[in-house]
Structures are given as C-alpha cells and as structure tokens.
Amino acid sequence: DSDRLGRLFKCLSHPSRLRMLHSLIRTGELSVGTLADEAQMSRQAASNQLRTLADAGIVTGRQEGLKVFYRVIDPCVPVLLERGWCHIDEYETVHE
C-alpha cells in the first residue's frame, strides 16, 4: 500500500498538474485548451499531464465534438489538496 500511496503523491506533486487540478476543482469541468491556458502550458503538454492524471484514476475526460472536457472523479483528491494548502498556511504562520 505504501508503494501505491507513493505513486499517488508523486502524481500529485507536479506543479502543472496541481494547477490544472485546482482549476478543475474550482470550476467542475474544463476543456484541454482552457486547462492549458490556465496552467500556462501548451495543449500537448496539458494533454500529457491530463493523461497521467487519468491513468491514476484522478480525472476523466469526455469528448464533445472536437473538444475533450476533463473533471475530477476521485472525491479524495480535493480533500488531499485542501489539506496540503492548510499545511502550507500553517507552516507559514508558524515560521513568520
């Protein structure tokens, strides 16, 4: 189980993936192009990162015409990210 948890945290540790997940959690569902713009990366790079998140079971995509829209499907991931941001806030408060 520790190996699986390590793979999950490794998947979540990439800054671009975190930016995309934050956008998805905030809005619910976004196209690859919008996610790429919000993460300030190319569509190809965003697509590659989304594939990694999909392979990990964190997001899923649906096709609508020529566009693919993604959303978070793992209900634990928003909680994990919220706890991570909580930790950062606490750490900064304690070390000011």
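The values are calculated or read from the model by the stated rules, or taken from the named source; none is laboratory data. Since the model is a prediction, treat every value here as computed from it, not as a measurement. Neighbour counts are summed over all protein chains in view; Cβ atoms, including those assigned to glycine, are modelled from backbone coordinates with ideal geometry. These area figures cover heavy atoms from the full protein model, side chains too; ligands, DNA and RNA do not enter into them. Shrake-Rupley method; radii C 1.70, N 1.55, O 1.52, S 1.80 Å.
Before moving on, here are some points about what is shown:
- Over segment 33-87, the fraction of Cα-Cα pairs per 10 Å bin, rounded to whole percents and listed from the shortest bin up, is 23, 47, 27, 3, 0.
- Of the residues His95, Leu81, Val59, the one whose Cα sits farthest toward the positive end of the charge dipole of segment 53-96, with +1 on the Cβ of Lys and Arg and -1 on the Cβ of Asp and Glu, is Val59.
- Between Asp55 and Lys10, the simple label model (points 7 Å from Cα in the Cβ direction) yields a spacing of 1.1 nm.
- Counting Lys and Arg as +1 and Asp and Glu as -1 over every other residue whose Cβ lies under 9 Å from the Cβ of Cys11, the net charge comes to +2.
- Charged neighbours of Leu21, selected by a Cβ distance under 15 Å, balance to +2 (K, R count +1; D, E count -1).
- Length gained when the stretch Ile73-Tyr91 is fully extended (0.36 nm per residue, less Cα-Cα span): 3.6 nm
- Rounded to the nearest 20, the Cβ-based charge dipole of segment 1-63 about its Cα centre (Lys and Arg +1, Asp and Glu -1) stands at 60 debye.
- For the chain, the solvent-accessible area of protein heavy atoms averages 68 Å² per residue (probe radius 1.4 Å; ligands and nucleic acids excluded).
- At q = 0.16 Å⁻¹ the log10 of I(q)/I(0) for the chain amounts to -0.67, computed by Debye summation with a single uniform scatterer per C-alpha, solvent ignored.
- Between helix 15-27 and the chain: long-axis angle, C-alpha atoms, 0 to 90°, nearest 10: 80 degrees
- Taking Cα atoms only, the orientation of helix 43-55 departs from the longest principal axis of the chain by about 70 degrees.
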